[in-house]
Structure formats: C-alpha cells, structure tokens
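Okay, so here's the structure we're looking at.
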Amino acid sequence: MTVRLDLAADPIELTAALVDVPSVSGNEAALADAVEAALREQAPHLEVVRNGDAVLARTNLGRPSRIIFAGHLDTVPIVDNVPHRRTGSGEDLVLHGCGTVDMKSGDAVMLHLAATVTDPAYDLTFVFYDCEEVEAVRNGLGRIERELPEWLAADLAIVCEPSSAVVEAGCQGTIRIEVRTAGKRAHTARAWMGSNAIHAANEVLNRLTGYQPRVLEIDGCTYREGLQAVGVSGGVAGNVVPDECVVTINHRFAPDRSPEQAEAHLREVFAGFEVTVVDVSAGALPGLHAPEAKQLLAASGADPVGKLGWTDVARFAALGMPAVNFGPGDPALSHTPEEHVPAPRITHCANVLRRFITG
C-alpha cells in the first residue's frame, strides 16, 4: 500500500491520515515509508536519513541552538479502532482511533512544522522512531544513539508524547523489585513442622500499606512518588506448606533520586528481606532553567507540570540535555480502546510550537 501524506495540510487532517496507516510495534515500515517520502518531497530544506524503520530530518542553518523533536511511529495493538472516526464538528470536533493520543497527533504536529517552518530561530532535528511501545531493547532511539549519535545532540528535546497540551517537564524514574520470603516445606496435615513463606509475606504487605510516598516540588513541578505491589507468587501444591513467596513491587521515584539511591531506599524499606532488582530506569530532572526551555514555556503561556510516568525524555536527559513532554493527547487515554483527541488541542500544540521555533 502506497500512502501519500500532505504535510502542509492542517495537523488535524494529518493526524487522521497517520491513524489510518496501521503501525503496531514491529510493523511501522509502511508508515515510515510514507513519512520518509513526504519529507523528501515536501521539505527540501531538510537533510533526511532512514535508520531501520526510523526517519530523521534536520536543518543545518548554523543557528546557535538546536532543538530535537521526537515522536514514535508505533502504536499498541489495534482494537477495532482503525481507521479513525470523528464526532462533533468545529471546536467540538474529536478524532477517535488507535494512536490519536499515543502519539500520532504529536507526530502530525511535528511533520507539519518540519515541512512548513523553513526559517526557524533554532536548528531543528525531527526524529520519528520505531518500537517505543515494546521492550526497551527494541526502542528505535537506542539504535539511533548507537548508530547515529550525532543526530541526538541538541540543547533541548521535546518529546511530543501525550501531555494534554501542557508542558510536562522531566519524568519520574521507575524500579521494579522482587522481595522474597523463605519458609520450610511440610505437609499441610502437619503444618507445625514447616514454616509458611506466604504467611511471612504479610510483613512485606504491612510495610507497603504503611508506606508514605514523598510528594515534592522541583523547579516548580510537583512529583508524587508511589510504591505498589504489582504481583504475588508462591505455593507448591494444594497440600504443601510453601517454602517461598515473591512479592513484586514497582516504585516510581522523583527525578532528584538516582537509580542507585532509589534501590538503596527500597533495601532500607524492606530491610531483613531478600531484595532483587528486576529492572530500573532513571528519571529526568525538569531542566526548566535552560534558556530554550524558558522560551518554550513563554510560548505555551501556561505553567509546567511534572511528568508522573516514565517517557523517553529520560533518554535525552541521559545524553546531557533538558527534555520535556508536550503533545495534544490525554495520557490517561493512552493504550485504551477509547483513545480520542479533541481537535482544538492539536491546533493549540501546533500553534505553541510554531511560536516557539520561530522566535
């Protein structure tokens, strides 16, 4: 299927066109082909390269600062919500469909600006990448960092993930641990001869119940931490006292803590138990002190908020640049069959970012 995208079209219509090209993680080729062809044909002022199923484009104007715009092309699996549909009209128009929120409305804004802003106040880099919605080792940004690292150098990164058209600064870190309790197997008819590991996990759950998560402010942004059990496993058979129980716990921590500090904190909370780290990703500080970030906030005309989840802004922060989320969709609707975005939010995001990059 050959798809032609009109990058000069209203970003609302461009969003609809992108949604109508299925691109579930691992199957982004058709959409990447369309994005690459459109940029090469309609944005001759940009240098364009293809990397796997990622498409990158940038200006080379010699401006003193460079801004990266990043957006993933993939979506979660489709649930009878492609092609898109519309409800309402005018200011009440709403687009429904897989990716309207996460994050083809953001991609549409990026593509429209890439093609129509030919004399920006900053040099611009646009990164449309693959496999964000699956395991981190497949994330296209990681591949680009390894193979084309010079394309990820900038003074500010704007990830157009859903943020309800508000600047969400930085992001929380996340760590997942397993807390193990040990016991001794015995026949349940002679339970006093054993020690029940599942019963021993009661103390782990008590500590979780009594835990008071931090709420703190960084650069004017509020971050609410969380510590939650997300899984429990244990048991041998219906007539055996179990000798092991594992409670899986997820901790979302504010970006003032490093992964090492978050791990040390959890080991303190669960002192006396065996703790194993399953996975961990660092957060990203807001970085709103950077001149480019201040100018973005001025263009938005609204106060920033802290990002309560983890996004790829953390990857950019790890490369030494401030990074924010700014996109039209409501993050609460991400990954749901009810994904939808009000058309005015798409227009608002496009207008804010145009004001910002044109100075």
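The values are calculated or read from the model by the stated rules, or taken from the named source; none is laboratory data. The structure presented is a predicted model; accordingly, all values stated were derived computationally and were not measured. Please note: Cβ atoms are built from the backbone with ideal geometry, for glycine as well, and neighbour counts cover all protein chains shown. What goes into the accessible areas is simple: the full protein's heavy atoms, side chains included, and nothing from ligands, DNA or RNA. Shrake-Rupley method; radii C 1.70, N 1.55, O 1.52, S 1.80 Å.
Can you tell me which residue is modelled with the lowest pLDDT among those in region 264-292 that are in a loop (DSSP other than H, G, I, E, B) and open to solvent by 60 Å² or more (accessible area, probe 1.4 Å)? Spell out the reasoning first.
We begin by selecting, within region 264-292, every residue in a loop (DSSP other than H, G, I, E, B); these are 270-273, 282-283, 285-290.
Imposing the further condition that a residue be open to solvent by 60 Å² or more (accessible area, probe 1.4 Å) reduces the set to 272, 285, 289.
Values: GLY272: 97, LEU285: 94, HIS289: 90.
Within region 264-292, the match that is modelled with the lowest pLDDT is HIS289.
Which ones in region 11-58 are in contact with a His (Cβ under 8 Å, 6 or more places away or on another chain) and either small (Gly, Ala, Ser) or surrounded by fewer than 23 Cβ atoms within 10 Å (Cβ to Cβ) (or both)?
The answer is ALA16, ASP20.
Does VAL236 qualify as being in contact with an Asp or Glu (Cβ under 9 Å, 6 or more places away or on another chain) and either part of a loop (DSSP other than H, G, I, E, B) or without any contact (Cβ under 8 Å) to a residue 60 or more places away in the chain (or both)?
Values: in contact with an Asp or Glu (Cβ under 9 Å, 6 or more places away or on another chain): yes; either part of a loop (DSSP other than H, G, I, E, B) or without any contact (Cβ under 8 Å) to a residue 60 or more places away in the chain (or both): yes.
Considered against the rule, which asks whether it is in contact with an Asp or Glu (Cβ under 9 Å, 6 or more places away or on another chain) and either part of a loop (DSSP other than H, G, I, E, B) or without any contact (Cβ under 8 Å) to a residue 60 or more places away in the chain (or both), VAL236 comes out as yes.
As an exercise: evaluate THR248 against (1) surrounded by 18 or more Cβ atoms within 10 Å (Cβ to Cβ); (2) touching a residue at least 60 places away in the same chain (Cβ under 8 Å) and give the number of the one condition it does not meet.
(1)
Name the residue that is farthest from ALA293 (Cα to Cα), counting only residues in region 186-234 that are open to solvent by less than 60 Å² (accessible area, probe 1.4 Å) and in contact with a Cys (Cβ under 8 Å, 6 or more places away or on another chain).
Going through the qualifying residues, I end up with ALA197.
Among VAL179, VAL127, VAL101, VAL134, which is outside any strand (DSSP E or B), crowded, with 19+ Cβ neighbours inside 10 Å and among the aliphatic types (A, V, I, L, M)? Even if it seems obvious, please write down each step before you answer.
Values: VAL179 fails: outside any strand (DSSP E or B); VAL127 fails: outside any strand (DSSP E or B); VAL134 fails: crowded, with 19+ Cβ neighbours inside 10 Å.
On inspection, the qualifying residue turns out to be VAL101.
Restricting attention to region 315-348, which residues are of a type in the set (A, V, I, L, M, F, W, C) and either touching a residue at least 24 places away in the same chain (Cβ under 8 Å) or assigned to a strand (DSSP E or B) (or both)? Explain how you work it out, then say what you get.
To start, the set of residues in region 315-348 that are of a type in the set (A, V, I, L, M, F, W, C) comprises 316-319, 321, 323-324, 326, 332-333, 341, 343, 346.
Correct list: PHE316, ALA317, ALA318, LEU319, MET321, ALA323, VAL324, PHE326, LEU333, VAL341, ALA343, ILE346.
Conditions tested, residue by residue: (1) closer than 19 Å to GLU132 by Cβ; (2) open to solvent by less than 50 Å² (accessible area, probe 1.4 Å).
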position	(1), (2)
SER300	no, yes
ASP303	no, no
TRP310	yes, no
ALA317	yes, yes
PRO331	yes, yes
CYS349	yes, yes
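Considering only region 13-41, state which residues are touching a strand residue (DSSP E or B) at 6+ places or on another chain (Cβ under 8 Å) and more than 18 Å from GLU338 (Cα to Cα).
Hits for region 13-41 are SER25, ALA32, VAL35, GLU36, LEU39, ARG40.
If I ask for residues that are of a type in the set (Gly, Ala, Ser) and open to solvent by less than 50 Å² (accessible area, probe 1.4 Å), which ones from region 79-98 would you list? Explain how you work it out, then say what you get.
Start the filter on region 79-98 by keeping residues that are of a type in the set (Gly, Ala, Ser), which leaves 88-90, 97.
Across region 79-98, the qualifying residue is only GLY97.
Listed here are the residues, each with its yes/no results for (1) part of a loop (DSSP other than H, G, I, E, B); (2) open to solvent by less than 10 Å² (accessible area, probe 1.4 Å); (3) among the charged types (D, E, K, R).
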position: ALA70; (1), (2), (3): no, yes, no
position: MET110; (1), (2), (3): no, yes, no
position: ASP119; (1), (2), (3): yes, no, yes
position: GLU150; (1), (2), (3): no, no, yes
position: ILE158; (1), (2), (3): no, yes, no
position: VAL166; (1), (2), (3): yes, no, no
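Is there any pair linking a residue in region 286-314 that is polar (S, T, N, Q) to one that is assigned to a helix (DSSP H, G or I), with Cβ under 8 Å and at least six apart or on different chains, and which?
Pairs found: GLN295/PHE356; SER300/VAL352; SER300/PHE356.
Can you name every residue in region 137-148 that is surrounded by fewer than 15 Cβ atoms within 10 Å (Cβ to Cβ) and among the β-branched types (Val, Ile, Thr)? If you could, list the steps in order and put the result at the bottom.
To start, the set of residues in region 137-148 that are surrounded by fewer than 15 Cβ atoms within 10 Å (Cβ to Cβ) comprises 137, 146-148.
Answer for region 137-148, where residues must be surrounded by fewer than 15 Cβ atoms within 10 Å (Cβ to Cβ) and among the β-branched types (Val, Ile, Thr): just VAL137.
Mind listing just one residue for me: the one in region 188-233 that is within 33 Å of the chain's Cα centre (by Cα), among the basic types (Lys, Arg) and outside any loop (DSSP other than H, G, I, E, B) and, of those, modelled with the lowest pLDDT?
Going through the qualifying residues, I end up with ARG224.
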